[in-house]
Amino acid sequence: MIPAEIQSICVLPTVTLREALLRMDQTARGILLIVRSDTSLARTVTDGDLRRAILDHLPTDTPLSVLLEQAPITAGDEADASAVLALMNLHQIDHVPVVNMAGQPVDLITRRELSQRIWLSSPHLGAEEAAFVDDAFKTNWIAPLGPHVDGFERELAVHVSMGHAAALNSGTAAIHLGLILQGVVPGDTVFCSSLTFVGSATPILYCGARPVFIDAEPQTWNMSPTALERALEWARREGRMPRCVIIVNLYGQSADMDALLPICQRYGVGVLEDAAESLGASYKNKNSGTFGHVAVYSFNGNKIITTSGGGMLLSNDGDLVARARKLSTQAREPARHYEHTEVGFNYRMSNVLAGIGRGQLKVLPQRVEQRRAVFKRYQSELADLPQVKWMPEPPGFRSTRWLSCFTLDMPDAPALCDRILKTLERHQIEARPVWKPMQMQPVFAGTPYFSHLADHDVSARLFSSGICLPSGSNLSEDQQSRVIEHLCHAVKML
Ligand SMILES: *Cc1c(COP(=O)(O)O)cnc(C)c1O
């Protein structure tokens with residue numbers, strides 16, 4: 001089957017130069033595809049080819065078949081963007097049709113889109129970051145620590161209504177310190193959401209502790225209360241009660257805290273809230289990242305606001321946050337010389353990067369609105385694709401839609417997702433599968449795992465049928481149109 005967008009630029013060899021010029025004008029792609037009666041591709045005709053034919057004084061009622069002697073430069077269905085770009089450069093052309101096994105054109109790649117990659121989630125600076133960084137230079141506060149670190153901590157804590165915050169050099173470092181502060185020691189058990197980025201879980205291993213993974217639920221894509229309850233019953237039987245549970249808020253949306261927290265409370269286990277992806281979100285009018293005894297944000301380059309790299313540990317317990325600051329600066333004791341009685345880390349955020357963070361924090365509410373608008377446009381423009389099921393946002397939840405994600409609701413979804421991702425990638429559009437769950441990661445092979453229901457592994461299903469689309473707050477309307485066009489095309493071709 002030839003998709004409609006491609007069909008519109010396909011012509012038979014019997015079409016005249018005049019008709020071809022007209023079609024070229026109407027379709028405005030700068031190229032036509034001459035197809036044989038079996039719809040296989042015979043050659044391509046560019047604007048330039050037609051112009052040269054006219055300049056050569058060929059009558060305008062000449063059929064295109066006079067041009068036929070030229071094998072087209074094409075790419076196969078498996079070609080990626082870099083292979084296509086190499087072809088364009090080699091042959092000094094700006095369009096490459098993609099052909100299927102039967103030689104029929106199924107897609108068209110242009111040099112223009114290859115030169116403008118669309119990212120999944122790219123940094124988006126506001127107006128004030130440069131001034132804060134400039135200030136750090138002017139005052140020579142380039143060293144770690146300094147007024148911007150204190151300012152960023154204070155401003156973020158106020159912004160989300162949490163008592164105290166410690167600025168660190170990554171979200172992963174913040175989770176590591178969070179576990180230590182929850183008293184995790186070698187041999188302990190720590191529960192963690194299975195559907196997450198690996199940075200949620202590796203700090204458990206840094207502590208010498210043993211992870212247990214808890215599946216997601218379909219309504220929120222976050223930790224399943226049913227699975228958590230079963231895991232805790234198991235842990236009690238085994239005499240392996242977890243020191244704490246890491247609850248992750250995925251893709252900008254809080255977990256269902258009213259269901260999860262009472263369970264943790266009943267069993268007397270602490271909660272570390274991994275809000276790396278949910279800064280700016282809320283749950284029942286309370287900010288995401290204020291539910292755990294300890295909570296963590298990340299300012300990695302792809303997050304909703306960024307310091308190019310960084311993290312924050314928050315708690316209402318001031319002593320605990322003070323301890324985080326000490327541990328993050330090599331655990332120096334207060335003494336003129338360097339005195340150490342315990343093992344610390346070099347995890348502090350620098351004053352320069354904290355300056356970027358202060359600027360970014362000012363635009364956070366805007367960034368949330370922009371990401372939500374991106375999601376809304378995907379949802380409304382792709383509404384006629386019933387196979388596409390968006391990540392739900394249940395009543396009471398307000399997601400930032402950090403990433404716009406959907407699952408394909410059809411048999412054979414894994415193979416189809418793979419084809420969609422390949423199609424987007426060859427148009428220089430960065431889309432990704434939903435996080436590969438931790439119980440499926442080789443590094444965690446053999447780790448105990450509790451699925452949502454005995455016969456329903458939700459995170460495995462979301463991984464195999466889910467896709468995250470470009471969602472940046474600086475995604476332009478044109479760029480999003482490109483994503484929508486190619487996604488529509490790919491889904492309709494399934
Ligand atoms: C990004 C992320 C982290 C790690 O944060 P870094 O700042 O990259 O170390 C942890 N957990 C989740 C869920 C994340 O998305």
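Coordinate-derived values only; no laboratory data. Just so we're clear, the structure is a prediction, and the values are computed from it rather than from any experiment. Because the Cβ atoms are built from the backbone with ideal geometry, glycine has one as well, and the counts that use them run over all protein chains shown.
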Exercise for review: Compare the Cα positions of W402, H95, V190 along the charge dipole of the chain (+1 at Cβ of Lys, Arg; -1 at Cβ of Asp, Glu; about the Cα centre) and return the one farthest towards the positive end.
Suggested key: V190
Exercise for review: Using only Cα atoms, locate the centre of segment 316-341 and the centre of segment 384-403, then give the distance between them in Å, rounded to an integer.
Suggested key: 42 Å
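Relative contact order of the chain: what whole-number percent is it, with Cα pairs under 8 angstrom and at least 6 residues apart?
Values: 1034 pairs, mean separation 88.8, N = 494.
Relative contact order, the chain: 18 percent.
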Study note, to complete from the structure: The rounded separation in angstrom of the Cα centers of segment 132-153 and segment 443-494 is 39 Å
Check your understanding: Pulled fully out, how much extra length does the chain show between A415 and R336, if you take 0.36 nm times their separation in residues and subtract their Cα-Cα distance?
Key -> 22.1 nm
Point to revise | Whole-percent pair-distance distribution, where bins are 5 Å wide, for the alpha carbons of segment 4-114 | key: 2, 12, 24, 25, 20, 11, 5, 1, 0
Exercise for review: Quick one: what are the phi-derived ³J(HN,Hα) couplings along segment 34-42, Karplus 6.51/-1.76/1.60 with θ = phi - 60°, whole Hz, x for glycine and proline?
Suggested key: 7, 10, 7, 5, 8, 6, 7, 7, 8
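Order the peptides 247-254, 333-340 from the highest to the lowest mean number of other Cβ atoms within 10 Å of their residues. Mind showing how you got there, number by number?
On the way: 247-254: 28.8, 333-340: 8.1.
So the order, starting with the most tightly packed, is 247-254, 333-340.
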Check your understanding: Taking a point 7 angstrom from the Cα of M241 along the C-beta vector, which residues in segment 184-217 have backbone N less than 13 Å away?
Key -> 189
Point to revise | Sequence-distant lysines (8 or more away, or on other chains) whose Cα lies within less than 27 Å of K284 | key: K303, K362, K376, K389
Check your understanding: Between the helical axis of 477-492 and the dominant principal axis of the chain, each derived from Cα atoms, what acute angle in degrees is found, rounded to the nearest 10?
Key -> 70 degrees
**Study point:** Extended-chain gain in nm, criterion 0.36 nm per residue less alpha-carbon gap, K422 and D134
**Key:** 99.4 nm
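Could you rank the peptides 226-236, 6-16 by their average count of other C-beta atoms within 10 Å per residue, with the highest value first? Display every interim value, and only then the final one.
Details: 226-236: 18.7, 6-16: 16.9.
Highest to lowest by the protection proxy: 226-236, 6-16.
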Study note, to complete from the structure: Karplus ³J(HN,Hα) for segment 107-117 (6.51 cos²θ - 1.76 cosθ + 1.60, θ = phi - 60°; Hz, whole; x = Gly/Pro) runs 6, 9, 10, 10, 4, 4, 6, 5, 8, 10, 5
Review point. Does a label point 7 Å from the Cα of D258, set along Cα-to-beta-carbon, have any residues of segment 273-308 with amide nitrogen under 16 Å, and which are they?
Key: 282-288, 291
Study note, to complete from the structure: Between the Cα axis of helix 351-362 and the main Cα principal axis of the chain, the angle (0 to 90°, nearest 10) is 70 degrees
Study note, to complete from the structure: With the charge dipole of the chain built from beta-carbon charges (+1 for Lys and Arg, -1 for Asp and Glu) about the Cα centre, the Cα from T447, L475, S328 projecting farthest to the positive end belongs to S328
Practice item. Using R₀ = 45 Å, calculate the FRET efficiency as 1/(1 + (r/R₀)^6) where r is the Cβ-Cβ separation of V443 and T39; round to 0.05. Key: 0.40
Revision key, fill the gap. Interchain or sequence-distant (5+) residues whose placed amide H lies within less than 5 Å of the amide H of I305 are none
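At 0.36 nm per residue, minus the direct Cα-Cα distance, what do E381 and L87 gain on full extension? Give it in nm, one decimal, please. If you can, show how the numbers build up before the last one.
Details: separation 294, 0.36 × 294 = 105.84 nm, distance 3.31 nm.
Length difference between fully extended and current span is 102.5 nm.
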Point to revise | Tilt relative to the chain, helix 318-328 - C-alpha long axis, 0 to 90 degrees, to 10 | key: 70 degrees
**Study point:** Ellipticity estimate at 222 nm from DSSP helix runs (n ≥ 4, -39,500 (n - 2.57)) divided over the chain, nearest 500
**Key:** -11000 deg cm²/dmol
Review point. If you take the beta carbon distance between S8 and H57 as r and set R0 to 51 Å, what does 1/(1 + (r/R0)^6) give as a FRET efficiency, to the nearest 0.05?
Key: 0.95
Review point. Roughly what would the spin-label model give for K284 and T46, points 7 Å off Cα along C-beta, in nm?
Key: 6.3 nm
